[in-house]
Amino acid sequence: MTNILVISEGAVGSRMAAPGIRAFNIARVLRENVPDCSVTLALPPSYPSDLDLATVPFDVTIPASGDLSRTARRHDVVVAASLPLSLIAAASSVCIVLDMYSPLVTEWANLSRWFGKRHRRAWLEAKRKHLMLELTAADLVLCANVRQRDYVAGMTATLGMLTPDEFDRDPSLGSRVAVAPMGIRPREPTIEQRAARRGLHPSIGDDDILLLWNGTIVEWYDVGTLLHAIRAVCDQRPDVKLVFLGTVYPQAPGNDVGSSMGSGAVREAVDLARELGLLDTNVFFNEGWADDATTERYLAAADIGVSTYFDSLETHFSFRVRYLDLFWASVPIVCTRGDEVSELVEERDLGAAVPARDIDALAAAIMRLLSPEERDRCRRNFAEFREAYRWERTLRPLIDFCRDGGMNRAEKRARLFPLAYRGLDWAISEAHEKLRFAYRKKLLRSGHSGLR
Amino acid sequence: VATLKNQDGTRPKRILILCSAPFGERMSSPGIRARHMAEVLAAELPETRVTLAIPKGSSPSGDAGILPYAVRNFTTSSLPRLLFDHDIIIANDFPLVAMLAFPFRTFVLDYYTIYFIEWLDLSREVVLGSDNHRRAWLGGRRRRIGAELVQADFILTANDRQKDYYVGALIALGLIDPVTYDFDPGLHNLIEPAPHGIRPDPLPEPGKPALRGVYVGIKETDRLLIWNGGIVEWYDTETLLRAMAMIAQHRDDVKLVFVGGAYPGLGSVGLGRRFTQTVELAQELGLYNRNVFFDLSWVPYERMKDYMLEADLAVCTYFNNLETHFSFRTRFVDVFWAELPLICTEGDVLADMVRDRGLGIAVPEKDHTAVAAAIEKLLDDSDLYDRTKRNIRENNASMSWTKSFEQLVRFCRDPRSSALSKWRRTIMLGGAWAQWAAQRAATIWIR
């Protein structure tokens with residue numbers, strides 16, 4: 001009997017963002033595919049959950065904040081997206097799977113731009129050291145694509161966590177760092193495009209071309225180029241409409257990094273749309289975070305999915321979750337080159353990928369996909385392709401890991417010293433960050449601009 | 001070193017390419033790479049002075065007098081002086097003394113393999129002694145890589161996958177600075193791929209025969225397959241030999257020659273366990289010196305051309321593991337240069353290129369039936385063979401050394417690095433080398 005604990009960091013229920021969706025599906029797929037196991041999904045105490053307990057095949061628990069370590073110890077395998085100290089403390093007796101489905105470090109660097117310079121350095125250093133601590137504690141690290149796998153392999157090897165014994169046992173490294181991307185929605189799309197359009201949005205007609213931005217707007221998205229391209233397209237085709245679905249990321253109350261995430265970027269996007277004369281005529285912003293049913297309707301109604309971003313490491317390593325919904329609903333994609341999905345889009349003819357910051361190329365790509373024949377061809381190419389993104393297939397390495405389930409005690413013991421050392425290293429950085437933060441707050445309060 | 005001045009009175013930038021591997025006639029890939037790097041930099045940056053430093057006792061290929069770059073022989077004692085005499089130092093491996101010059105000079109690290117993973121593989125047979133000794137030895141290597149990454153202001157890798165790996169390594173070492181990341185979010189001023197290029201010399205007329213008629217058993221009319229390079233741990237020769245055995249059952253005109261089994265400087269690596277196993281299996285299958293031949297010497301870079309020109313096909317099989325995933329096999333570049341259709345195993349970037357651009361056939365790992373089918377298909381389907389050759393010729397234009405080193409040239413022209421500031425790294429560097437020294441001491445102690 002394998003007892004598995006899946007820890008969700010996000011809300012689980014009708015309004016789920018990526019962390020919640022992922023934890024929910026991991027729990028579901030493990031329960032269905034690992035023989036002789038029990039699965040418990042731990043929800044964060046800060047979210048109200050409307051999950052119907054009768055319909056889910058696994059147990060659900062809401063551990064009290066001090067209780068996580070004890071809960072973890074009652075299980076054989078723990079799957080978590082981040083490892084607080086309480087979980088690391090349990091690492092000596094349970095198998096830990098670190099579910100690192102986004103290339104954190106590069107995201108942090110982007111997210112912390114509005115911090116003071118010194119505080120930002122200290123904050124990033126503490127975050128980075130915590131990640132190193134997590135990588136040391138984890139028995140298996142899941143990443144979203146091969147590029148991330150390579151990057152995690154580089155970190156793991158550099159930390160000395162890639163031992164010769166491990167390599168001899170599995171020279172592919174698959175038992176230590178594995179690729180397990182997000183999957184697509186388990187249900188087939190049910191709504192017809194025409195039906196989905198009806199009453200969806202007062203300004204979008206049956207014959208309009210609906211472009212969908214299905215996700216939030218955060219720092220690393222390049223909305224400016226897109227809006228300029230839309231301006232150029234609308235001069236010829238006023239029937240092109242762009243909807244931003246969900247502008248604010250659903251977050252727990254009190255999580256200040258999350259709630260401030262992207263708010264500035266959203267404001268800038270709205271201002272630019274107004275300036276270009278597109279706001280509420282051709283470009284629409286949905287407030288808040290769309291719930292599941294609304295998202296599905298928009299996906300069914302959409303003609304083209306768009307996503308534009310900058311050329312950065314964040315882009316290079318990312319596997320953007322929003323694409324999976326577009327795969328699921330077979331919506332042709334127009335995106336920026338640079339990430340792995342954009343390569344797939346070009347290789348498999350799923351739409352078009354254009355160079356970063358290139359307004360003309362983007363406008364031309366949208367114009368090309370305005371032809372219904374082009375879109376139909378792309379739509380057909382999704383059918384086979386999206387099968388690879390069933391959760392049962394993307395989570396294969398995790399299923400196999402839980403099946404074999406055995407833990408190597410000798411290796412666990414060998415990791416105790418590096419764990420202690422990195423824990424200390426992290427604690428020092430964390431203390432440094434706290435001091436910097438306190439100092440910055442004091443500066444701000446005394447009327448200083450806070451730039452340093 | 002004579003200090004020449006530019007016309008406007010400024011001192012020309014001095015670039016040093018430090019090659020610590022054997023150089024000259026019998027050189028392996030580090031030497032070849034250093035030579036082409038010197039050629040490209042001298043041609044692209046005429047306003048600089050390029051020096052190629054090679055170990056004492058090696059001689060430059062060609063007449064030193066007419067080379068567009070200077071060649072210097074160095075020893076351990078002349079090295080510090082040499083380092084301080086240059087502004088930019090490019091090396092595959094920084095010697096310990098380079099640490100002294102670190103705060104004052106720009107360092108470019110030319111890493112074109114994932115050494116750590118290669119050594120994990122190689123250390124199974126090369127490092128004799130206990131498991132603990134192997135662990136300690138690898139720990140030392142790992143710390144040396146760490147120290148070199150700290151020291152590097154700019155890093156070259158052989159492909160994008162290696163770049164991803166080393167970005168991870170840089171983050172683990174705390175070498176990515178958030179502030180520089182803002183200005184250079186693609187880290188283009190810190191780490192860039194620079195794959196091996198194709199030698200610039202045109203395809204010559206066949207010279208003295210090297211294989212046909214030289215080896216008893218290879219007739220003029222035989223179809224010749226070449227394996228150009230060493231046979232080390234990660235090559236899967238068994239699959240190839242079994243494929244050859246399958247073919248030998250119904251025809252005797254297909255011959256395979258392994259050329260270049262020994263590796264200069266690292267003798268035992270090339271003629272190790274895998275090599276012996278290969279010879280034994282060839283004997284067991286009754287192929288040895290009948291359908292499969294072994295050329296035991298390391299063939300000089302220049303002489304290798306003659307071997308390649310005589311062959312009809314090139315083959316190389318390996319396992320689809322992590323080593324393969326990251327690798328950029330330099331031997332393939334010679335195959336492309338000779339315009340030989342290639343049969344290789346799937347899994348590395350060049351195999352992807354072979355498949356996508358039709359430069360040969362990429363086969364699944366450990367599938368000898370597929371290898372045999374691919375060999376016969378390319379030998380018998382002359383349309384496919386000609387088309388493949390044409391594709392190779394077209395593709396070669398995009399694989400020149402000049403193109404490979406574009407990013408290096410850009411950096412040397414304007415050496416603005418996105419690495420962490422020098423003073424931060426100076427402290428880290430001391431720590432990194434101290435860790436390395438401690439680990440070295442431990443390795444000597446643990447036997």
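Results for (1) modelled with pLDDT of 95 or more; (2) more than 24 Å from A:R113 (Cβ to Cβ); (3) more than 8 Å from every other protein chain (Cβ to nearest Cβ); (4) out of contact with any Lys or Arg (no Cβ under 6 Å at 6 or more places or on another chain), shown as yes or no for each residue.
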residue	(1), (2), (3), (4)
B:G174	no, no, no, yes
B:D182	no, no, no, yes
B:P185	no, no, no, yes
B:I191	yes, no, yes, no
B:P200	no, yes, yes, yes
B:P204	no, yes, yes, yes
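Is it the case, given these coordinates, that A:Y309 is touching a helix residue (DSSP H, G or I) at 6+ places or on another chain (Cβ under 9 Å), away from chain B (no Cβ under 14 Å) and aromatic (F, W, Y)? When the stated conditions are applied, A:Y309 does not pass them.
Pick from segment A:81-130 the residues that are assigned to a strand (DSSP E or B) and without any contact (Cβ under 8 Å) to a residue 60 or more places away in the chain: which of them is farthest from the other protein chains (Cβ to nearest Cβ)? Applying the filter and picking the extreme gives A:I96.
Looking across segment B:283-300, just one residue is in contact with a helix residue (DSSP H, G or I) (Cβ under 6 Å, 6 or more places away or on another chain) and either over 14 Å from B:Y215 (Cβ atoms) or modelled with pLDDT under 80 (or both), and that is B:L285.
Summed over segment A:147-181, the residues that are hydroxyl-bearing (S, T, Y) and in a helix (DSSP H, G or I) give a count of 3.
Does B:E346 count as touching a strand residue (DSSP E or B) at 6+ places or on another chain (Cβ under 8 Å) and within 14 Å of another protein chain (Cβ to nearest Cβ)?
yes
More than 14 Å from chain B (Cβ to nearest Cβ), within 28 Å of the chain's Cα centre (by Cα) and in a helix (DSSP H, G or I): which single residue out of A:I184, A:I217, A:I230, A:I191 fits that description? Within the list A:I184, A:I217, A:I230, A:I191, the selection yields A:I230. The set of residues from segment B:309-325 being crowded, with 22+ Cβ neighbours inside 10 Å, away from chain A (no Cβ under 14 Å) and of a type outside the set (V, I, T) comprises B:A311, B:L313, B:A314, B:C316. Out of B:T324, B:T330, one residue alone is in contact with a His (Cβ under 9 Å, 6 or more places away or on another chain) and modelled with pLDDT under 95. It is B:T330.
Restrict the check to segment A:22-43 and report whether at least one residue is buried (at least 19 other Cβ atoms within 10 Å of the Cβ), part of a loop (DSSP other than H, G, I, E, B) and out of contact with any helix residue (DSSP H, G or I) (no Cβ under 7 Å at 6 or more places or on another chain). Checking segment A:22-43: at least one residue is buried (at least 19 other Cβ atoms within 10 Å of the Cβ), part of a loop (DSSP other than H, G, I, E, B) and out of contact with any helix residue (DSSP H, G or I) (no Cβ under 7 Å at 6 or more places or on another chain). Mind checking whether some residue in segment B:189-210 is in a loop (DSSP other than H, G, I, E, B), without any contact (Cβ under 8 Å) to a residue 12 or more places away in the chain and within 30 Å of B:N289 (Cβ to Cβ)? Yes. The requirement of being closer than 30 Å to A:D76 by Cβ, touching a residue at least 24 places away in the same chain (Cβ under 8 Å) and under 25 Å from the mean Cα position of the chain (by Cα) is fulfilled somewhere in segment A:370-390, by at least one residue. Picking from residues in segment B:116-131 that are facing chain A (nearest Cβ under 10 Å) and not β-branched (V, I, T), the one that is nearest to B:A434 (Cα to Cα) is B:F116. When segment B:133-170 is filtered for residues that are facing chain A (nearest Cβ under 9 Å) and more than 25 Å from the chain's Cα centre (by Cα), only B:R135 remains.
Here B:G230 meets the list (1) within 11 Å of chain A (Cβ to nearest Cβ); (2) under 19 Å from B:Y112 (Cα atoms) almost entirely, failing just condition (1).
In segment B:60-175, counting only helices (runs of 4 or more DSSP H) that sit wholly within it, the ones holding 1 or more residues that are surrounded by 21 or more Cβ atoms within 10 Å (Cβ to Cβ) and touching a Phe, Trp or Tyr at 6+ places or on another chain (Cβ under 6 Å) span B:115-122, B:131-151, B:160-172.
Among helices (runs of 4 or more DSSP H) entirely within segment B:285-344, having at least 2 residues that are touching a residue at least 40 places away in the same chain (Cβ under 8 Å) and closer than 22 Å to B:D386 by Cβ singles out B:301-310, B:330-337. Are any residues in segment A:131-162 of a type in the set (S, T, Y), touching a residue at least 24 places away in the same chain (Cβ under 8 Å) and more than 7 Å from chain B (Cβ to nearest Cβ), and if so, which ones? Across segment A:131-162, the qualifying residue is only A:T136.
Considering only segment B:289-323, state which residues are in contact with a strand residue (DSSP E or B) (Cβ under 8 Å, 6 or more places away or on another chain) and among the hydroxyl-bearing types (S, T, Y). Those that are in contact with a strand residue (DSSP E or B) (Cβ under 8 Å, 6 or more places away or on another chain) and among the hydroxyl-bearing types (S, T, Y): B:Y307, B:T317, B:Y318. Filtering B:L100, B:L96, B:L109, B:L83 for residues that are in contact (Cβ under 8 Å) with a residue 12 or more places away in the chain, within 22 Å of B:L41 (Cα to Cα), away from every other protein chain (no Cβ under 14 Å) and over 21 Å from the mean Cα position of the chain (by Cα) leaves a single hit, B:L83. Of the residues making up segment B:206-220, none is touching a strand residue (DSSP E or B) at 6+ places or on another chain (Cβ under 9 Å), charged (D, E, K, R) and modelled with pLDDT of 95 or more.
Taking the criterion of being within 18 Å of B:Y112 (Cβ to Cβ) and touching a Cys at 6+ places or on another chain (Cβ under 8 Å), the residues of segment B:336-356 that qualify are B:L350, B:A351.
The values are calculated or read from the model by the stated rules, or taken from the named source; none is laboratory data. If you're wondering where the values come from, they're calculated on a predicted model, not measured in any experiment. Cβ coordinates were reconstructed from backbone atoms using ideal geometry, including for glycine residues, and neighbour counts include every protein chain displayed.
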